[in-house]
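Take a look at this one; I'll ask things after.
The values are calculated or read from the model by the stated rules, or taken from the named source; none is laboratory data. Just so it is clear, the structure is predicted and the values come from calculations on it, not from any experiment. Cβ placement follows ideal geometry from the backbone for every residue including glycine, while neighbour counts extend to all protein chains displayed. Note: areas computed on protein heavy atoms with side chains; ligands, DNA, RNA excluded. Shrake-Rupley method; radii C 1.70, N 1.55, O 1.52, S 1.80 Å.
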Amino acid sequence: MDNKEIARVLDEIADLLEIKGVPYKPIAYKRAAETIKSLSQPVEDLTSKEIMKLPGVGESITKKIVELNETGHLPYFEELRKQCPIDFESLLAVEGIGPKTVKLLYQSLDIKDLDDLEEMAKHHQLRRIKGLSEKKEKNILENIKYARKTTRHLLGHMLPLANNIKEKLEGFKHVIQVEVAGSIRRRQETIGDIDILVVTDNPRQVMGYFVALDMVDRVIAKGISKSTVRLKADVNCDLRVMPEKSFGAALLYFTGSKEVNVEMRKMSIKRGLKLNEYGLFNGATMVAGQNEEEIFQELGIHYMEPELRQNVEDVEVAIQRELPLIIGYHDIRGDLHMHTDWSDGKSSLKDMVEAAQDWGHEYIAITDHIGSLQVPKGIDENKIRVQMKELDRLDREIENITILKGLEVNIKSDGKLEIKEDILKDLDVIVAGINSGYRQSKEQLTDRIISAMENQYVNIIAHPTGRKIHKRSAYELDVDKIFQTSVDTNTYLEVNSQPDRLDLRDVMIKNAIQTGCKLVINTDAHSIERVWDMELGIATARRGWAVKKDIINTSSHKELMKLLVK
DNA sequence: GCCGTTTTCGGCCCGACTGTTTTCAGTCG
């Protein structure tokens, strides 16, 4: 069983125990589920002893994980489920419904899923239950609609929207300070809602301004300290007003993650302090709160970059003061995977170069697709020579940026490259990727990538796992083998910055780096606007604990050219 | 069920908001 499935079982056990009213165990199962979810390797590959060492996993849960791995079944879980056969995930997705209400609904009306719930609500059965009411029934009916269509949104789509709202607030006279918090600040690859914090001298005015912004669809709640709106982009946005002296504590708290918050509060208690969204307190005295840095400092632990605030272990590493100095947003000096209208791109060569210059790149590689069945708009082999001359001309014409000549080539299903090799030796950068035949076996796909890496001209493996968020999962690969071959052959694995790819993803990046791999962060941009996706790739690398030296395109042009020789 | 710079037993994050609570439980973040 893979980690996701095991975590799901543990999660559901927690829900089931919660409903039965068992105290504390649900928290334990939830925590274990979180640990398994964030694991960078399959738990199947671990021994019992190793599993037991994982945070939040003890003897009892270890036994259950091993049993699941070995037999695919867990009688303990199946028994619990038989006692209450409820679709928790969908019911708990309804705003305002928690475990207690699920229990109440099940016991009084035998409600097991969203359809049951909607049926009963429509027929005004909920209001008859003691503890519920007409108002609650109406709320539930309204919220079912959102629960049904709630999907998480891509970071790449939400980040510009959040920044736009932030800018509008910054321009409003009563706003003193404003920051985007929540999962966007952690740069999580998908986002549930947008959280924004402000300091203001006039909360009422700010709230009025906020709910009237042109991107707002409707107002869900409007108060002096908190307002929630539904944006036209089909996502909720919360605005909270905080006192200036608490801004850092609030930012820390509203940035999360939840697990990190819980862990930091526990840690504060151990130090005789109390941490909440208003500050860090010693008795009644506030010892820190205006900014995040001073809170970490007072606690005597490493400052945690928002991208590193994922789980309990991150806090533990911060306590040990062993967090790495992760790559910065200005450390990247070039983009080695870009397309133009010579193939399937939308912008001209010159426009792409100028966009890259605007971003601040010192060098870029133009890597148009070779024409093939999959990429009918690709550049044909004769035209490559013409483009090469054009690139040389542009390189001379445009100052302060070096243009490298490259290509993106398809790795065929037999592992060979879809191009005659004699042309490759005249190019600076070869990006190879799988753009067809994802359905092969794990062995075949692994061998395909490995034989591409063994090709003397291939420098970069593009979007190595092929996943597309919300569309398709990563293909099955023997990643250990691929990471090792990457090290052995000086072939670099890409962190692709396209909003729905972000591939390699964070946990994989962490693993690759531990194996000794060097990576490259590329945009794979097909138009000038997408040159700015670089920020998303960097964010992903930061979440994967990458430092500057792990990423080849933090090098100068001169150093880079050495790295591109196999 | 897990865990240990108070602990192998006895705790387990915290505050705000909502609804219907007449003093608080449930939910959320």
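Do any GluC sites (Glu not before Pro) in segment A:318-420 lie in a DSSP loop with no more than 13 other beta carbon atoms within 10 Å, and if so, which?
Working: sites: A:Glu322, A:Glu354, A:Glu362, A:Glu381, A:Glu390, A:Glu397, A:Glu399, A:Glu408, A:Glu418; in loops: A:Glu322, A:Glu362, A:Glu399, A:Glu418.
Taking segment A:318-420 and a limit of 13 other Cβ atoms within 10 Å, the loop GluC sites (Glu not before Pro) found are A:Glu322, A:Glu399.
In the neighborhood of A:Lys350, defined by Cβ-to-Cβ distances under 11 Å, what is the net charge if each Lys or Arg adds +1 and each Asp or Glu adds -1? Could the numbers behind the result be given before it?
Details: positive: A:Arg393; negative: A:Asp341, A:Asp351, A:Glu354, A:Glu390, A:Glu397.
Every neighbour counted, the sum reads -4.
Then there's this: With n ≥ 4 as the cut-off for DSSP H runs, can you work out [θ] at 222 nm for chain A, using -39500 (n - 2.57) per run divided by the number of residues, rounded to the nearest 500?
Values: 23 runs with 246 residues, N = 566.
Per the formula, -13000 deg cm²/dmol.
Order A:Met267, A:Met120 by their accessible area, 1.4 angstrom probe, all chains in place, largest first. Working shown, then result.
On the way: A:Met267 10, A:Met120 55 Å².
I get A:Met120, A:Met267, largest accessible area first.
Hey, another quick one. Which whole-number percentage describes the relative contact order of segment A:153-241, with Cα contacts under 8 Å and a sequence gap of 6 or more?
25
Which lysines have a Cα less than 21 Å from the Cα of A:Lys30, not counting those fewer than 8 places away in the same chain?
Partners within reach: A:Lys4, A:Lys20, A:Lys49, A:Lys53, A:Lys63, A:Lys64, A:Lys82, A:Lys100, A:Lys103, A:Lys258, A:Lys266.
Accessible surface of A:Phe77 in the full protein assembly, 1.4 angstrom probe, to the nearest 10 Å²?
Spelled out: A:Phe77, probe radius 1.4 Å, area about 20 Å².
Want the number for A:Ser556 to A:Lys49: 0.36 nm per residue separation, take away the alpha-carbon distance, what's left?
Taking 0.36 nm per residue and subtracting the Cα distance, the gain is 178.0 nm.
What FRET efficiency comes out for the pair A:Gln444/A:Ser90, r = Cβ-Cβ distance, R0 = 41 Å, nearest 0.05?
After rounding, the FRET efficiency stands at 0.65.
Would you mind pulling out the separation of the Cα centroids of segment A:149-225 and segment A:462-522, in Å?
With segment A:149-225 and segment A:462-522 each reduced to a Cα centre, they are spaced 33 Å.
Then there's this: Per q in 0.15 1/Å, what log10 I(q)/I(0) does a Debye calculation on the alpha-carbon atoms of segment A:3-149 return?
Debye output, listed in q order: -0.79.
When the solvent-accessible surface of protein heavy atoms is calculated with a 1.4 angstrom probe, in what order do A:Tyr278, A:Tyr475, A:Tyr438 fall, highest first?
Result of the area sort, largest leading: A:Tyr278, A:Tyr438, A:Tyr475.
For chain A, which whole-number percentage of the solvent-accessible area (1.4 Å probe, protein heavy atoms only) is attributable to carbon and sulfur atoms?
So the carbon and sulfur contribution to the accessible surface is 48 percent.
Let me check something: with ligands and nucleic acids excluded, how do A:Met534, A:Met52 order by accessible area (1.4 Å probe), largest to smallest?
A:Met52, A:Met534
Need one value: the accessible area of A:Ile449 in square angstrom, 1.4 angstrom probe, rounded to the nearest 10.
0
How tilted is helix A:534-543 with respect to the longest principal axis of chain A? Cα atoms for both, answer in degrees (0 to 90, nearest 10).
Tilt relative to chain A: about 60 degrees.
At a temperature of 20 °C and a viscosity of 1.002 mPa s, determine how fast chain A diffuses translationally according to Stokes-Einstein, using the Kirkwood radius over alpha-carbon pairs as Rh; express D in µm²/s, rounded to the nearest whole number.
81
Report, in degrees rounded to the nearest 10, the 0 to 90 angle that the Cα long axis of helix A:442-454 makes with the longest principal axis of chain A.
For A:442-454 against chain A, the angle is about 40 degrees.
How much accessible surface does A:Val565 have with a 1.4 Å probe, in Å² rounded to 10?
So the heavy atoms of A:Val565 present about 100 Å² to solvent.
Taking a probe of 1.4 Å, how large is the accessible area per residue of segment A:246-319, in Å²?
Averaged over the residues of segment A:246-319, the accessible area is 42 Å².
According to a simple spin-label model (label point 7 Å from Cα along Cα-to-Cβ), what is the distance in nm between A:Ile176 and A:Ser60?
5.0
Provide the packing ranking of A:159-165, A:502-508, i.e. peptides ordered by the mean count of other C-beta atoms within 10 Å per residue, highest first.
A:502-508, A:159-165
If R0 is 30 Å, what FRET efficiency do you get for A:Lys468 and A:Lys383 from their C-beta distance, rounded to 0.05?
0.55
Full extension from A:Arg128 to A:Asp214: what is 0.36 nm times the residue separation minus their Cα-Cα distance, to one decimal in nm?
Working it through step by step, the gained length comes to 26.9 nm.
Something else about it: Take peptides A:104-111, A:9-16 and line them up by average Cβ neighbours within 10 Å, highest first, as a rough protection proxy.
A:9-16, A:104-111
To the nearest 0.05, how large is the calculated FRET efficiency for A:Ala221 and A:Glu5 if R₀ is 41 Å and r is the Cβ-Cβ distance?
So the FRET efficiency works out to roughly 0.65.
Can I ask one more? Using label points projected 7 Å from each Cα along Cα→Cβ, tell me how many nm separate A:Gln205 and A:Asp344, to one decimal.
Result for the modelled spin labels: 5.2 nm.
Pick out, in residue order, every one of the trypsin sites (Lys or Arg not before Pro) in segment A:244-353 that is DSSP loop and has at most 10 other C-beta atoms within 10 Å; say none if there are none. Present the calculation step by step, with values, prior to reporting the outcome.
Working: sites: A:Lys245, A:Lys258, A:Arg265, A:Lys266, A:Lys270, A:Arg271, A:Lys274, A:Arg309, A:Arg321, A:Arg333, A:Lys346, A:Lys350; in loops: A:Arg271, A:Arg309, A:Arg321, A:Arg333, A:Lys346.
When the trypsin sites (Lys or Arg not before Pro) of segment A:244-353 are filtered for loop state and at most 10 Cβ neighbours within 10 Å, A:Arg321 remain.
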